[in-house]
Amino acid sequence: MNEITVKVGMASCGIAAGASEVYEVLARRQKESGGFKLVSTACIGMCFEEPIVEFSGGKLGTISLGAVNPAKVEEHLRDYLDAKLPDANIILADHYDGKYNELLRGQTRIVLRNCGVIDPKSIDDYEAHGGYTALRKALTMDPEKVVEEVKASGLRGRGGAGFSTGLKWSFAARAQGKKKYVICNADEGDPGAFMDRSTLEGDPHNVIEGMIIGAYAMGADEGYIYCRAEYPMAIRHLTIAIQKAEEKGYLGKNILGSDFSFELHIKEGAGAFVCGEETALMQSIEGKRGMPTIRPPFPAERGLWGCPTNINNVETWANITYIINNGSSAFRKIGTENSTGTKVFALAGKIAGSGLIEVPMGIELRDVIYKVGGGMKTDKPFKAVQMGGPSGGCIPASLLDTIVDYDSINATGAIMGSGGMVVMDSGTCMVDVARFFLNFTQNESCGKCTFCRIGTRRMLEILTRITEGKGEPEDLDKLEELASNIIKGSLCGLGQTAPNPVLTTLRYFRDEYLAHIEEKRCPAGVCTALLRYEVIPEKCIGCTACSRKCPVSCISGKVKEVHHIDQDKCIKCGACYSACKFDAIRKG
Amino acid sequence: MEQDFSQLTESIKKYRGKPGILIPLLQEVQQIMGYLSKDTMAYLSRELDIPAAEIYGVATFYSMFKLKPQGKHIIRVCKGTACHVSNADGIKDALKTALELEDGEDTTSDMLFTLTEVACLGCCSLAPVIMIDDTTYGKLSPDGISRILERYAYEEGK
């Protein structure tokens, strides 16, 4: 019989949900009586059910339990050892009837294949799951052959823009220069995106191995992983992984006895969204203000310290080992003609199954949200899905049959982006969402280009005015004009895409803008200045709860009599709305 | 207040004369000194022969660098999309009230807490989220804020 193994999901989100306590209980139990192997793994993607514990090796096979209580985990272990099935409510996935089996079946895992499966701190575990076989294979191939293979796979940059990875590699490979660099862009800055964090926390070696293969293919001997400092666990796991890979001869001089050498460093970001742009990122590695530079020259000709450089995103690098091991044709079989392979998405917002998923390209957005994502979190209906963060846009319900591939998503006005997918329901105000993203890009604009620096500020002012009920009829035209000028007048992707959230919401939710401007009304009930709280006389029982909570004493009424809100005095704080237990206060 | 720069000798020795060191150096110096004062930056400029304007330019470009003294505990309110649509503003207001911060203030008068915003902590499934030092707190509601803060105040015996 196999050894009993207990895995605890210990990624950032797991720990925030209390996984450490669960792990400690199990560790103590193991120290006292043994009888099982305890493994800390990373994110298996079902963040909404953390802390997650997986039992395997027993008579019941593999069972994952969700929302595990530290006080109950010993009981679960005992039950598992006795082959007794736990309460069905907490079984996530198994061979029986786990409630999320359906959710997992919709996925195809290439990038995340080891996440939540292996111990990310153990290189032995990675090797046991086929790790570093792709590197061994690549080293037997000609470097040009490796580039060809990646080109043939059709892989496109997963950072958002979707440029052909193989083509990009061929530029750097062809470039003249004694010294070349490869860089991994792990400066994941889009609000609402955590794919790269989870990938690096859960399977750092896969990214590193991809980079070593890329360096070999392009003739680079040094590389950097530029990682956000806000991701301490990702940096910790990468540091351990690099050290172990050096010890085993996968990194350093004469890798695996070949004459290929490669050195890899980690650079911590210091908090600037624009550094996700490749030229700004290189400026930042050089220790300067991270401001984009004019292209051409492209990094492939003149990049870091003036040397030919290739930059790819975490997820792009994480696809390489699969392509080398299984061949480009196996990769092409997944996805669509022009968008091959899979895409990792971070599902968040008003969706039941928020977390990390990997789906084949070509899947309908509807299936992503309702099948893989488990549908909406509450009774409120679906309104839009935001893709691509501050560079992307909001896709409305009428376009849910759009398939996930670069060209189809671009046609909606949003972009594939790096993989943030924030689901919004009827309680989300689209003008407020547009204002939120503009506020973000306006803050993060590096200030180099006038249109980006000042244009986004003017757009933000207009949007803020609209949400405060001071919008004017010509504001929408002004927004569109500014948007088109910012797109034309900006050097880098940040400015060129900054207006997208406004343009897509104007395109699909124009009536909501008009309601704010013409009727001074926020249909979603979000924009405070436009809200009105009223007592519904039929429901009010006169309990006085609201008038006692009101900070400006603008609610009048005697006990057991219908109350009244004085609209002139009301500051729209919403205290009465939260205080009322009888739904007798209307917000709108 | 005169600052003691002798604790920076090691860091300066480690980085002097090497290319591209400014950001890691400033990160290390901030770790030691708590923040980057004008005097600290002037001192680094002299010691490393890097123009003070360049150091100041980098220090003001990246949000991680702090030019004012910081509280003992740093509270980061996540302003990511998922948190925004889950009432992150309400959480921030509750924190401001609990910490008795006026508009424009970010550090409490007893220097125990500094309140800042962060673009996204990447724990979107737990929205709304805050991070106090290295600990993440998720699925918050404005009412629950004071209970979390009490724990830190208690450690200080307050």
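Structure notes:
- Output for the stretch A:164-217, where each listed residue is in contact with a helix residue (DSSP H, G or I) (Cβ under 8 Å, 6 or more places away or on another chain), hydrophobic (A, V, I, L, M, F, W, C) and surrounded by fewer than 24 Cβ atoms within 10 Å (Cβ to Cβ): A:Leu167, A:Ala173
- Selection count where residues are farther than 15 Å from A:Tyr508 by Cα and either part of a loop (DSSP other than H, G, I, E, B) or at the interface with another protein chain (Cβ under 8 Å from one of its Cβ atoms) (or both), scope the stretch A:416-436: 8
- Conditions (1) surrounded by fewer than 24 Cβ atoms within 10 Å (Cβ to Cβ); (2) not in a loop (DSSP other than H, G, I, E, B): number failed by A:Ala318: (1)
- Residue check, A:Thr528 free of Cβ contacts under 8 Å to residues at least 60 places away in the same chain and closer than 30 Å to A:Ser398 by Cβ: yes
- The listed residue being surrounded by 15 or more Cβ atoms within 10 Å (Cβ to Cβ), of a type in the set (Lys, Arg) and either closer than 24 Å to A:Thr441 by Cα or not assigned by TED's automatic domain parsing to the domain that holds A:Pro396 (or both), out of A:Arg458, A:Arg510: A:Arg458
- Only residues that are among the hydroxyl-bearing types (Ser, Thr, Tyr), in a helix (DSSP H, G or I) and more than 21 Å from A:Gly45 (Cβ to Cβ) were counted in the stretch A:364-401, giving 2.
- Subset of the stretch A:239-294 (residues that are within 14 Å of another protein chain (Cβ to nearest Cβ), among the basic types (Lys, Arg) and free of Cβ contacts under 8 Å to residues at least 12 places away in the same chain): A:Lys288
- All positions within the stretch B:107-158 that are more than 7 Å from chain A (Cβ to nearest Cβ), assigned to a loop (DSSP other than H, G, I, E, B), on the phi < 0 side of the Ramachandran plot and not hydrophobic (A, V, I, L, M, F, W, C): B:Thr108, B:Ser109, B:Asp110, B:Pro128, B:Ser141, B:Glu156, B:Lys158
- Any hit, the stretch B:111-132, residues being surrounded by fewer than 22 Cβ atoms within 10 Å (Cβ to Cβ) and either farther than 30 Å from A:Phe437 by Cβ or more than 17 Å from the chain's Cα centre (by Cα) (or both): yes
- Evaluating A:Gly160 against the criteria (1) buried (at least 19 other Cβ atoms within 10 Å of the Cβ); (2) more than 26 Å from the chain's Cα centre (by Cα) leaves one unmet condition, (2).
- Sole residue being under 20 Å from A:Pro204 (Cα atoms), more than 25 Å from the chain's Cα centre (by Cα) and away from chain B (no Cβ under 14 Å), chosen from A:Asn325, A:Asn319: A:Asn325
- Number of residues in the stretch B:86-97 that are crowded, with 18+ Cβ neighbours inside 10 Å and touching a residue at least 40 places away in the same chain (Cβ under 8 Å) equals 5.
- Single residue of A:Ala134, A:Ala67 found to be at pLDDT 85 or above and on the phi > 0 side of the Ramachandran plot: A:Ala67
- Test for A:Gly252: is it in contact with a strand residue (DSSP E or B) (Cβ under 8 Å, 6 or more places away or on another chain), over 30 Å from B:Gln31 (Cα atoms) and of a type in the set (Gly, Ala, Ser): yes
- If you filter the stretch A:400-415 down to residues that are modelled with pLDDT under 95 and within 18 Å of A:Ala348 (Cα to Cα), you find that the one that is nearest to the other protein chains (Cβ to nearest Cβ) is A:Ala414.
- Qualifying residue in the stretch B:32-45 (condition: under 20 Å from B:Ile145 (Cβ atoms), free of Cβ contacts under 8 Å to residues at least 60 places away in the same chain and either among the β-branched types (Val, Ile, Thr) or crowded, with 20+ Cβ neighbours inside 10 Å (or both)): no
- Residues (free of Cβ contacts under 8 Å to residues at least 24 places away in the same chain and in contact with a Leu (Cβ under 9 Å, 6 or more places away or on another chain)) located in the stretch A:165-188: A:Gly166
The values are calculated or read from the model by the stated rules, or taken from the named source; none is laboratory data. Quick caveat: nothing in here was measured; it's all calculated off a predicted structure. Neighbour counts run over all protein chains shown; Cβ positions are idealised from the backbone, glycine included.
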